[in-house]
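Notes to accompany the following structure.
The values are calculated or read from the model by the stated rules, or taken from the named source; none is laboratory data. These numbers come from a predicted model, not from an experiment. Note that we place each Cβ from the backbone using ideal geometry, even for glycine, and neighbour counts take in every protein chain shown.
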Amino acid sequence: MSRIITVAFKDLTVLRREKEALFWIFLFPLVFALFFGFLSGGGGGDRGKLQLAVVDEDHSDGSRVLLDKLRKSDSLAVYDESVAGTPFTAESARNSVRRGSLTAFLIVPKGYGETAESFWQEGKPLELGIDPARTAEAGMLDGVLMQTIYSDMQDQFTDPKKAKANADKALAELDKASGMDPQQKKLLKDFLGDLGKFMGHANPGAMEHSPFAVENKLKKVPVLLEEENKPRSAFEVTFPSSVTWGMYGCIITFAISIVSERTKGTLIRLRMSPLSWAEIVAGKGLACFLVSVFVAALLMFLGHLLFGIRVENLLGLALAIISAAFCYTGLMMALAGFGKTEKAVSGSAAAVFMPLAMIGGGMIPLAFMPAWMQTVSNISPTKWNIVALEGAIWRGNSLVEMLLPCGVLVAIGAAGFGLGVRFLSRQKV
Amino acid sequence: MIQATELHKSFGQLHAVRGISLEIRSGETFGLLGANGAGKSTTINLLAGLMEPDSGQIVIDGSTDPTRREVRRQIGIAPQSLALYEDLTAEENIRFLGKLYGLAGNKLKERIEYSLTLSGLAERRKELVTQFSGGMKRRLNLAAALVHEPKVLFLDEPTVGVDPQSRNRLFDNIRELASDGITILYTTHYMEEAERLCDRVAIMEQGQILALDRVDGLIDQYGGLAVVEAELKNGHLDAAQQRSSLAAAIGKNDFQLEANKLRLQSKEPLEDVARLAQAGIGLKTLRLERPDLETVFLNLTGRRLRDE
């Protein structure tokens, strides 16, 4: 065992002096986590939300209610004013979106409030403009706006007092209306009269269970075991991803180090020493494993220290890190076994592991990928690494639930070890 | 100490080693002399157990398996390529290798000191190898082979790319090691190194040993005759008189004489020159060319080693 440790510590000493390798293993993942973390909204703020410019041309109670509801949406950052601090006009809002400063603009036209709650008058439509380059967000914005508009209607029918007042108001307007088909007018008057009577006799809480109450149609249930168990900030997503990049740096560095032992002739010294082939390989693997564990632990510690990343399951996190380090060490062995030269190793790593990291959610979170891509991502160790880490830090997975991602990682690592040792032992000195 | 019998090794179509047999005695410095690609490094790799022969047998210190740990502990190797970690210091390189051989504590310190002092790098022990000159790296390459006190040393072209000063220092080191009783197998394509350092030399060509003996034995067997070239002073004699007086002096007449210039081949060149002097034949100039390993190589292979 002491010889294995000697080989491992020699590699660690060499690594300590390789500035380029240190950059890719330690600094790049940290920069990645910070860059994408801040880009995705960081620890809060509006940067991760859809940025919507609003222009209230109506200034009615109805328009104010609508805009207040939009402001309360978790998905939207609503701006009434331009960067210069002046209230948006239709033109300035359009220009902000056209220039890419904001995602979309919404104009509440004059008269919106008057007709918004009318049962029979044709309302003034809201005007929505979306940056054509933001197609992914367009559907989401449509949904948020429809939900907000619908909730206005819901308010009318779930508050009997308000509904009666609206019905009475509509009856009075209907009486004054001229040029309507008499039969149509009579039907509407009957309906509004009946509605007013019904609402006038309904208890204040009775309509909470009405078919109009959206809560009765759609109940939001927590996906996670506890409501607290969701990412509090973008960093709780980007730091687990960054771990995979740190380990990716380890793979390349240590695979190249094995190949360099051969190309530079030092493997002859190792082979001529009393070391067995297994001890040489184990020493190399141990160094890679230790650095992988260290970089993962360091990144998670920094994330915790600087951005308050939680660790819901410390034992699970340790299990996830160890499994991932084993996986990447095995892959390192396979890479070193296949590559004959340093260039071949770095080329193969870029060709194989970069795409695997990409499809596994190493760059873009899996949630943003199409369904077929999410299925394909099952072949990527990056995916299982991220699933395991997120499971331990904010998904609140139990140790039993951690077994699947960790087991997959260990299996991939074992396969990599097998292939690597087989190919390495066949190579000439 | 080392015995190889009928070793064969092929790489695909290339038959690199063809039936080599040799015996290296304990404490002997044995040279493998040959051009690049003659099979010297492959032979060392076979003897060191880094490659497995296709056929043949190797015995090192009584063991038929050079890969056994006990055998490996007795072998030190300085490969032709500089087998050093450039991002480690000289001392870290030696310390790492010493630990691999199980050295620790005072013994390890002592051996590090010995290796660095022998190679003249003790003062620069804390410097990274990457900062060393080619000669210093070669010396450290040798030092790295010595840290575990081997009985057998394989030196594969240890002076390639080395300046004359470092080369002389390496020669001194090797002589010192030989005087300490270490058995050395030394491969080179420099004949003067083989002549200066080796007790016996095997001349290799195309994977075979063409000749094996002490240097003077090889020269005697394959070097041919020495050549004496001289310009005579006796200008007043005519050519016939000169020829007869020369024949009388050296006791033979198979020499060339043209315009006072004598050229003769001899087994005893110095004795022949002395005889000329005794006969009163004055010489204006004298050039003596003794056969050497270069001549031996030329005679054995039909080409010069220096041309490689």
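Within the stretch B:69-82, the set of residues being within 9 Å of another protein chain (Cβ to nearest Cβ) and either part of a strand (DSSP E or B) or out of contact with any Lys or Arg (no Cβ under 8 Å at 6 or more places or on another chain) (or both) comprises B:69, B:70, B:72, B:73, B:75, B:76, B:77, B:80. Is it the case, given these coordinates, that residue A:416 is over 22 Å from the mean Cα position of the chain (by Cα) and either more than 14 Å from chain B (Cβ to nearest Cβ) or surrounded by fewer than 19 Cβ atoms within 10 Å (Cβ to Cβ) (or both)? Yes; evaluated as a whole, the condition is true for this residue. Annotation note: Cβ proximity below 6 Å between a residue of the stretch A:326-350 that is part of a helix (DSSP H, G or I) and a residue that is aromatic (Phe, Trp, Tyr) and crowded, with 18+ Cβ neighbours inside 10 Å (sequence gap 6+ or interchain) occurs for A:329/A:289; A:330/A:417; A:332/A:254; A:333/A:417. Scanning the stretch B:160-183 for residues that are on the phi < 0 side of the Ramachandran plot, surrounded by fewer than 22 Cβ atoms within 10 Å (Cβ to Cβ) and either touching a Cys at 6+ places or on another chain (Cβ under 6 Å) or not charged (D, E, K, R) (or both) returns B:160, B:162, B:164, B:165, B:166, B:168, B:171, B:173, B:177, B:178, B:179, B:182. Would a scan of the stretch B:51-61 turn up a residue that is within 12 Å of another protein chain (Cβ to nearest Cβ), assigned to a loop (DSSP other than H, G, I, E, B) and more than 22 Å from the chain's Cα centre (by Cα)? Yes - at least one qualifying residue is present in the stretch B:51-61.
Pairing each residue of the stretch A:82-101 that is modelled with pLDDT under 90 with any residue that is of a type in the set (S, T, N, Q) and assigned to a helix (DSSP H, G or I), provided the two are 6+ apart or on different chains, yields C-beta distances under 7 Å for A:82/A:92; A:82/A:96. Which of the residues belonging to the stretch A:6-24 are more than 9 Å from chain B (Cβ to nearest Cβ) and under 26 Å from residue A:269 (Cβ atoms)? Passing the criteria: A:8, A:11, A:12, A:19, A:20, A:21, A:22. Hey, can you tell me all the residues within the stretch A:50-107 that are crowded, with 20+ Cβ neighbours inside 10 Å and among the charged types (D, E, K, R)? Residues satisfying the conditions are A:56, A:58. Exactly one residue out of B:38, B:104, B:48 is within 11 Å of chain A (Cβ to nearest Cβ) and buried (at least 23 other Cβ atoms within 10 Å of the Cβ), and it is B:48. Does the stretch B:120-134 contain any residue that is within 14 Å of another protein chain (Cβ to nearest Cβ), at pLDDT below 90, crowded, with 16+ Cβ neighbours inside 10 Å and at positive phi? No: zero hits. Of all the numbered requirements in (1) outside any loop (DSSP other than H, G, I, E, B); (2) touching a helix residue (DSSP H, G or I) at 6+ places or on another chain (Cβ under 9 Å), residue A:372 misses one, and that requirement is (2). Report yes if residue B:85 is at pLDDT 90 or above, at the interface with chain A (Cβ under 7 Å from one of its Cβ atoms), closer than 19 Å to residue A:279 by Cβ and touching a helix residue (DSSP H, G or I) at 6+ places or on another chain (Cβ under 7 Å), otherwise no. So residue B:85 passes the test.
Filtered by the rule that a residue be in contact with a Lys or Arg (Cβ under 7 Å, 6 or more places away or on another chain) and either under 18 Å from residue A:2 (Cβ atoms) or more than 7 Å from chain B (Cβ to nearest Cβ) (or both), the stretch A:260-279 gives A:273, A:274, A:275, A:279. Only residues that are under 22 Å from residue A:268 (Cα atoms) and charged (D, E, K, R) were counted in the stretch B:130-188, giving 7.
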